[in-house]
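The structure appears right after this line, and notes come after that.
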Amino acid sequence: MLVVLSVGGSILAKDLDPEHFVAYASALRELGREHKLVIVTGGGVAARNYIDVARSVGANEVVCDFIGIDITRLNAQLLIAALGKDAYPEPPTSYKEAESALASGKIVVMGGVIPGQTTDAVSAVLAEYLNADMMVIATSVDGVYSSDPREDPDAKKYDVMTAKELVSVVISTEMKAGSKSPVDPLASKIIERCNIDTIVMDGTDPEDVLQVILQECSKVGEITGVRLGTRIIG
């Protein structure tokens, strides 16, 4: 199977801990034995810090986007280094480059592509372009909620939802000042358009990501001790 995995920078590159990159590389290496993988890495705190400085000195939003893209590609290069010979040696900078890199048989790791797209949106476009079998969004929360759980103690977590429901929830959440959804509106719309099986889950522990993807690919049933997150269906 071909799996596109979006790994948030806030979990992959938190504190720039080398051991976390090594742990993710180990999990991805095991997945890569049986499945084709394209990983899209986010920028995390470093990207936000650089973007804040750029805005403060007068950079416009497109320039800020390019700075964020550069940071996502640095995170991709760190993961490539951790994967060693199992990874394609350079982060592709376009969807077509990613397709060519995948033909190498190696694990492909990349960051952002163009201004105006988050790495989740890049992952969704990539999944559609490559006709992937599934997409996983590994983030710092354990799924999609009816509202922001940080603000609403009655927020309901969805175990399963349709792509259309995802779009509706994401848009309503994002419209509230200060709120943040685990999937951005553009990525949600692309998921709805391409109708790809998607899982949103807590990716803090790469072993959980490994087990969930293995479970979904093999359809062997639930694995004890691993929280699936939210499954998004057509």
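The values are calculated or read from the model by the stated rules, or taken from the named source; none is laboratory data. Source: prediction; values computed, not measured. In this analysis, Cβ positions are derived from the backbone assuming ideal geometry, glycine residues included, and neighbour counts consider all displayed protein chains. Just the protein is used for accessible areas: all its heavy atoms, side chains included, with ligands, DNA and RNA removed. Shrake-Rupley method; radii C 1.70, N 1.55, O 1.52, S 1.80 Å.
Structure summary
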{"item": "C-alpha center-to-center spacing [segment 137-157, segment 36-110] in angstrom", "result": "26"}
{"item": "Computed E for residue 193/residue 19 - FRET, C-beta separation, R0 41 angstrom, nearest 0.05", "result": "0.60"}
{"item": "Sum of -39500 (n - 2.57) over DSSP H runs of 4+, divided by residues of the chain (222 nm, nearest 500)", "result": "-14500 deg cm²/dmol"}
{"item": "Estimated FRET transfer efficiency when R0 is 25 angstrom, pair residue 168-residue 34 (beta carbons, to 0.05)", "result": "0.10"}
{"item": "Heavy-atom surface of the chain, accessible at 1.4 Å and reported per residue (Å²)", "result": "48"}
{"item": "The chain - charge dipole about Cα centre, Lys and Arg +1 at Cβ, Asp and Glu -1, debye rounded to 20", "result": "340"}
{"item": "Packing-based order for 139-149, 43-53, using average beta carbon neighbours within 10 Å, highest first", "result": "139-149, 43-53"}
{"item": "Listed peptides 161-167, 150-156 by packing density, highest first (mean Cβ within 10 Å)", "result": "161-167, 150-156"}
{"item": "DSSP beta bridges in the chain [antiparallel fraction, %, rounded to 5]", "result": "20"}
{"item": "Assigned charges on the beta-carbon of Lys, Arg, Asp, Glu; segment 112-169 dipole about Cα centre (debye)", "result": "100"}
{"item": "Dipole-positive endmost among 143, 160, 195 within the chain (Cβ charges, Cα centre)", "result": "195"}
{"item": "Of all accessible heavy-atom area on segment 1-110, the percent that carbon and sulfur account for (1.4 Å)", "result": "55"}
